[in-house]
1. Just subtract the alpha-carbon distance of Glu81 and Phe211 from 0.36 nm times their residue separation and send over the number in nm, one decimal.
2. Which part of segment 132-160 falls in the paramagnetic zone of Asp111, meaning amide N under 18 Å from the point 7 Å along Cα-to-beta-carbon?
3. What is the diffusion coefficient of segment 58-183 in µm²/s, taking the Kirkwood radius over Cα pairs and the Stokes-Einstein relation at 20 °C with a viscosity of 1.002 mPa s?
4. All other residues with a Cβ under 13 Å from the Cβ of Ile180 taken together, and with Lys, Arg as +1 and Asp, Glu as -1, what is their net charge?
5. Give the Kirkwood hydrodynamic radius (Å, one decimal) of segment 115-248, defined as one over the mean of 1/r across all pairs of different Cα atoms.
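Read the figures in this text as sums done on the coordinates, not as results from a lab. In this text, all values refer to a predicted model and were calculated from it rather than measured experimentally. Backbone-built Cβ (ideal geometry, glycine too); neighbour counts: all protein chains shown.
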Amino acid sequence: MSSAFRAAVRTVLVLAVAAAAACRGAEGRGAMQDRPAIERARMVAEQIQARGVRDPRVLAAMRDVPRHRFVPAAQETEAYEDRPLSIGHDQTISQPYIVALMTELLRPQADDRALETGTGSGYQAAILSRLVSHVYTIEIVEPLARDAERRLTTLGYANVTVRAGDGYAGWPEAAPFDVIVVTAAPDHVPPPLVAQLKPGGRLVIPVGSMFGVQELRLIEKDATGQIHTRTVAPVAFVPLRRLGLALP
Ligand code: SAH
């Protein structure tokens with residue numbers, strides 16, 4: 001083989017390897033960008049639809065909201081797994097199925113005003129914000145409230161208002177609400193939340209002790225103001241804390 005021929009072969013090989021690497025790079029980047037959306041589609045099919053959640057608007061919101069942006073960076077790769085994850089300050093972001101179930105139970109309507117007690121990461125608030133006109137959400141751990149507010153703003157969820165405080169008392173200035181969701185468990189249903197529910201409104205809340213079984217309840221206020229309660233499922237939430245009261 002002449003040295004010129006060998007050099008030409010080497011050049012072609014180098015170009016081929018470079019082209020292959022470039023292709024892989026492009027594919028790799030594409031796959032990286034699509035991966036969260038693919039993981040969300042699988043999460044919805046396998047964890048949420050498979051367990052009976054049917055509301056198409058809820059399923060669409062669960063497919064759209066980037067859950068991996070609501071968990072600490074070190075846990076991004078676990079964001080779409082079938083379990084709650086730690087978000088710091090001894091708190092957790094709920095399992096995707098539980099978020100979907102609670103949201104479906106609320107039967108959110110496009111012009112509803114919603115209240116959440118227990119902002120945590122802001123994920124449940126982001127899901128709800130896709131389905132109602134405005135979400136008011138209260139978080140008792142101030143740094144969590146600040147982080148959630150920043151995160152929701154960065155991600156473009158403009159119809160969410162976050163406040164640091166004790167959500168047991170609800171948000172009287174913004175009441176009444178069509179839907180209220182509580183994502184930490186008190187040992188009784190806070191009367192202020194029931195009071196701030198509109199006639200026709202829905203309240204979804206885990207109730208029980210920190211150590212015993214908690215039950216997820218759907219509480220509805222009918223047009224005449226009567227309260228109807230249904231127990232939906234056993235659940236495990238962090239306890240609802242009270243400002244100025246000893247922790248359980
Ligand atoms: N909905 C959250 C997860 C909630 S974890 C999410 O999507 O990420 C429960 C949260 O409730 C915790 O962040 C906890 O600090 C908060 N919390 C507990 N007691 C509270 C209270 N009295 N008022 C407001 N938030 C409270």
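1. Details: separation 130, 0.36 × 130 = 46.80 nm, distance 2.49 nm.
Here the segment from Glu81 to Phe211 would lengthen by 44.3 nm.
2. 132-135
3. Details: Rh = 14.3 Å.
D, rounded to a whole number, is 150 µm²/s.
4. Working: positive: Arg107, Arg113, Lys198, Arg202, Arg217, Lys221; negative: Asp112, Glu116, Asp178, Glu220.
It works out to a net charge of +2.
5. Working: mean 1/r = 0.0667 Å⁻¹.
Final number for the Kirkwood radius of segment 115-248 is 15.0 Å.
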